[in-house]
């Protein structure tokens, strides 16, 4: 559960699919409510990936305090449990200054870890992690997914084969505890009756989201995403990057090897991003305490109504 030192009335969350406009809305809302923004994105926590993860710009960070963005090393994956610990500490610190903590991101598992808590999951020994990493090096990440399907078919059914980080974590939990991650989550439901913060969900019609994702992908490539990937490879982070598997970087590595042209690269990344956005919304729609706000084609999100709603919940 969320630590008792956190005041739920001074904690708000904005969630939604990638490309739905969470960051932009958070800046507007944050200025009005004197908030500080806390990252809730499993890729934006890593440094050296600003373009590919669409991290806040220096100008945005100057406009409003941002926390837990770009602090983790690419070669040292951040667990959900560790994220929740850091986020709780940061939220308590923000609230001690009399300000609203505004979490922003699309990582459902981070939301669950922070708000509902996770089971006492086993810590993965380095030997097991190294063994699984070597398996991926030899046979590709698909081998991990095949192993998970064999050992934990129910868990595998909840994940995409390309979701390397979570596939490996599900596999580690199954090997170490003898149980599916889903069984651990099932027990967590008994702890879901505690207080909840205000969670705003941003909902955008699928055709418009697809259009925005395509445009954003091309803009990120124009901004220097390929060059960013080259720098990571030159710094010796290629293997760590492929293990982390953030959308787009493995595809750009393929482009740099001459496997496709730039137009095909943009299409591949957009398709993967659309698939990820669909999985995000499937997850969030199952969360009963999210208050959804739709995107209106002519006026966008009803920002005044969202601010009014937050004020009502906080007072």
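Every number here is computed from the coordinates shown, using simple stated rules; none is lab data. In this text the structure is predicted, and so the values were computed from the model without any measurement. Here the Cβ is made from the backbone with ideal geometry for all residues, glycine too, and neighbour counts use every protein chain on show.
Structural remarks
- Relative contact order of the stretch 1-158, defined on C-alpha pairs under 8 angstrom at six or more residues apart (%): 31 percent
- The stretch 1-78-the stretch 246-315 distance, computed between alpha-carbon centres (Å): 14 Å
- Gained length - residue 151 relative to residue 130, 0.36 nm times residue gap less alpha-carbon distance: 5.7 nm
- Taking only the alpha carbons of the stretch 126-188, we obtain Rg and Dmax values of 11.1, 36 Å in that order.
- Residue among 163, 48, 222 with the largest mean-square fluctuation in a Gaussian network model of the chain, springs linking Cα atoms under 10 Å: 222
- Förster radius 22 Å - calculated FRET efficiency between residue 257 and residue 231, Cβ distance, rounded to 0.05: 0.85
- A Gaussian network model of the chain, with springs between Cα atoms under 10 Å, assigns the largest mean-square fluctuation among 26, 234, 156 to 234.
- Efficiency of FRET between residue 223 and residue 302 - r from beta-carbon atoms, R0 30 angstrom, step 0.05: 0.50
- Residue of 215, 87, 277 that the Gaussian network model of the chain assigns the largest fluctuation, springs spanning Cα pairs under 10 Å: 215
- Computed over the chain: relative contact order in percent, which uses C-alpha pairs under 8 Å that are six or more apart: 26 percent
- Relative contact order %, the stretch 126-188, counting alpha carbon pairs below 8 Å whose residues are six or more apart: 27 percent
- For the chain, taking Cα atoms only, Rg and Dmax work out to 19.4, 57 Å respectively.
- Fraction of beta bridges assigned by DSSP in the chain that are antiparallel (%, nearest 5): 5 percent
- Residue-averaged 222 nm ellipticity for the chain, from DSSP H runs of 4+ at -39500 (n - 2.57), nearest 500: -16500 deg cm²/dmol
- Expressed in Å, the radius of gyration and Dmax of the Cα atoms of the stretch 159-296 are 18.6, 53.
- √(5λ) per eigenvalue of the Cα gyration tensor, the stretch 1-135, largest first, Å: 26, 19, 12
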